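The values are calculated or read from the model by the stated rules, or taken from the named source; none is laboratory data. Only a predicted model underlies this, so the values are computations on that prediction, with no experimental measurement involved. For neighbour counting, all protein chains shown are included, and Cβ atoms are generated from backbone atoms with ideal geometry for every residue, glycine included. With ligands, DNA and RNA removed, areas are computed over all heavy atoms of the protein, side chains included. Shrake-Rupley method; radii C 1.70, N 1.55, O 1.52, S 1.80 Å.
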Amino acid sequence: MDSINAAADILAASEYAIALTGAGLSAESGIPTFRGQDGLWTKYGQPSNLSYRAFSQDPQGWWERRLSDEDTPGNPTYDLKDAVDNAVPNPGHLAVAELETMGVVKSVITQNVDGLHSRAGSRNLLEIHGNRSYLRCISCGSRKPRATYIISDLPPVCPRCGGIIKMDTVMFGEPIPSATLEACSAEVQRCDAMLLVGTSGAVSPAAQFPLLARERGARIIEVNPVPTQLTPAAHVVVSGPAGEVMPSLAHAIRTRAIRSR
Ligand code: NAD
């Protein structure tokens, strides 16, 4: 409780707090993380079809494998699709959205690709690794919901420019779309507090964001059941699952706001 109050103090006193979230926030929605206990890579190993080089060298072969994996149980692509298709936002996502509605959290940078933040009501949202229910053209960058495409010929091509279409999710070795990265950097530059929820801090550039913000004087709060690579950079660590910690944190801030009226 002390750590929740300390985190609430930081957020309530901040002028521009932002959240950086990761796969752990969606774990309580039934979506497995990649790393750690019950992680997809812990179970299956890291799949090769996540690499941008594999996609660029053979987009047709990549799509054929992808569509087959999505329909065949016993691989991480199937497990993730099945979990995301059946997931709903959990109390952690709802609390992050509530903090934005309260005006405490100004924006959310998420590494998650599951779309649960927007379904929970987060509005000022940057999906730095894309969204798995969207497709994106590698030439003109246009994004559209996957459900609006009829995928017949492989690889699918962009109706606007004829470029090759890929999943919107950012693969290993693929540059993050520059507009998204610039928007994230601007938020990191501007924030005076950063709330880390359910991220291991193992994936760059997102893992650098708390370190850059801290260098500029921002206060860092970490919510995670276990210590991470980012724990040493945190001013306050709230140890526990996001689905329990985040509603308590929102409640503590709501209570402060009522008292100060
Ligand atoms: P990660 O898998 O590397 O780490 C997950 C972190 O969440 C760990 O530190 C773990 O201790 C913590 N965690 C587990 N359960 C938690 C809970 N209930 N509450 C709070 N924290 C909890 O995830 P990452 O740091 O986001 O980075 C890896 C990559 O995983 C990202 O690129 C992301 O795109 C991808 N990914 C996304 C999803 C998703 O969209 N839901 C799922 C799996 C992987």
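Listing for the model above:
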item	result
Rough spin-label spacing in nm, given labels placed 7 Å along Cα→Cβ, for residue 60 and residue 9	6.4
Calculated P(r) tail over 16 Å for segment 7-69, as whole % of Cα pairs	66
Gain in span if fully extended, residue 46 to residue 124, counting 0.36 nm per residue against the direct Cα distance	24.9 nm
The chain: Cys lacking any partner C-beta under 4.7 angstrom	184, 191
Test item: Cα-centred dipole of segment 104-261, Lys/Arg +1 and Asp/Glu -1 on Cβ, debye	600
Linear extension gain, residue 226 paired with residue 150, 0.36 nm per residue minus alpha-carbon span	23.1 nm
Only Lys, Arg (+1) and Asp, Glu (-1) charged, at Cβ; segment 162-227 dipole about Cα centre in debye	100
Normalised contact order of the chain, rounded percent, pairs of Cα under 8 Å and 6 or more residues apart	26
Carbon + sulfur, % of accessible area of segment 170-261 - ligands and nucleic acids excluded, 1.4 Å	55
Antiparallel DSSP beta bridges within segment 1-159, as percent of all bridges there, nearest 5	25
Prolate/oblate/rounded label for the chain (Cα gyration tensor, a/c 1.5)	prolate
Segment 207-261, Cα convex hull volume normalised per residue, Å³	90
Candidate lysines - alpha carbon under 19 Å from residue 144, same-chain residues fewer than 8 apart omitted	81, 166
Solvent-accessible area per residue for segment 1-128 (1.4 angstrom probe, square angstrom)	45
Gyration tensor (alpha-carbon) shape descriptor, segment 121-261, a/c threshold 1.5	prolate
Inter-part distance where segment 141-171 and segment 44-111 are each reduced to a Cα centre, Å	16
Share of carbon and sulfur in the accessible heavy-atom surface of segment 5-124 [1.4 Å probe, %]	48
Cα long-axis angle, helix 59-71 against the chain (0 to 90 degrees, to the nearest 10)	70
Theoretical ellipticity at 222 nm over the chain - DSSP helices of four or more residues, -39500 (n - 2.57) apiece, nearest 500	-11000 deg cm²/dmol
Efficiency of FRET between residue 176 and residue 251 - r from beta-carbon atoms, R0 45 angstrom, step 0.05	0.85
Highest-first arrangement of 21-33, 236-248, 118-130, where packing means the average Cβ count within 10 Å	21-33, 236-248, 118-130
